[in-house]
């Protein structure tokens, strides 16, 4: 169960920015919730330019060829997440972020509780998802989407669709994750997709219902979150002052 949950959560509208800024925003929201009584928050975002994000402890699992990858003639950035897990290619995906607090429960239980809004939302969108099961081989993989844990969501064919990770600071929690909506079929390296260049494998083949556009996906997931978290959302974009403060943390 969540602690001190206010009836109103902050909803930050869909936001596109670099990976470094997105990770800094997530950490800033966690700090504000922990130290300054900022309400729980939900946001969805995309990455521009594309980047690979890696878990906070993943250094020894980074393949050497990642340092030489390019996209549209620019080096492909590698961004460290404040959470755990393995490498995720952010290109054509949608990322969610939840910042809240909890009163009890194991890591697995809090993952399960937070992920319910994703399961419910995607069910309404026409895609059935369920929690994955941990596999030891995951520890030896650089690719977050190559194997599932009990923090991830799978489709009915066993394909991983949403990979999630957490940062816990006492009762305060940041959970964010990537939904693999589509992968660009072109790269500066030839006919292979960027995903194939990064991970030497094809991306999971998820049968996402046709006709879905990003605003509809976000709206349905927000409705599901309000139902699962028993809250209502107040739309509050990041202000210029907040972005300035967050940007300064990147430069420190």
DSSP bridge orientation in the chain - percent antiparallel, rounded to nearest 5: 65 percent
Fully extended contour minus Cα-Cα distance, from residue 200 to residue 112, at 0.36 nm per residue: 28.6 nm
The stretch 8-243: relative contact order as a whole-number percent, Cα under 8 Å and 6+ apart: 24 percent
Rough spin-label spacing in nm, given labels placed 7 Å along Cα→Cβ, for residue 68 and residue 212: 3.7 nm
Distance in nm between pseudo-label sites at residue 251 and residue 169 (7 Å out along the Cβ direction from Cα): 2.2 nm
Mean-position separation - Cα centroids, the stretch 18-75 and the stretch 201-241, in angstrom: 18 Å
Taking the C-alpha atoms of the stretch 8-243, convex hull volume expressed per residue in Å³: 127 Å³
In degrees, nearest ten, helix 19-35 long axis to first principal axis of the chain (Cα): 20 degrees
Between 0 and 90°, nearest 10: helix 214-229 axis offset from the chain longest Cα axis: 40 degrees
Fraction of antiparallel bridges per DSSP, the stretch 1-120 only, in percent to nearest 5: 50 percent
With Cα atoms, 0 to 90° folded angle of helix 107-125 axis to the chain main axis: 80 degrees
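Values in this text are rule-based calculations from the coordinates and carry no lab data. Nothing here was measured: the structure is a model prediction, and the numbers come from that model. So basically every Cβ, Gly included, is an ideal-geometry build from the backbone, and we count neighbours across all protein chains shown.
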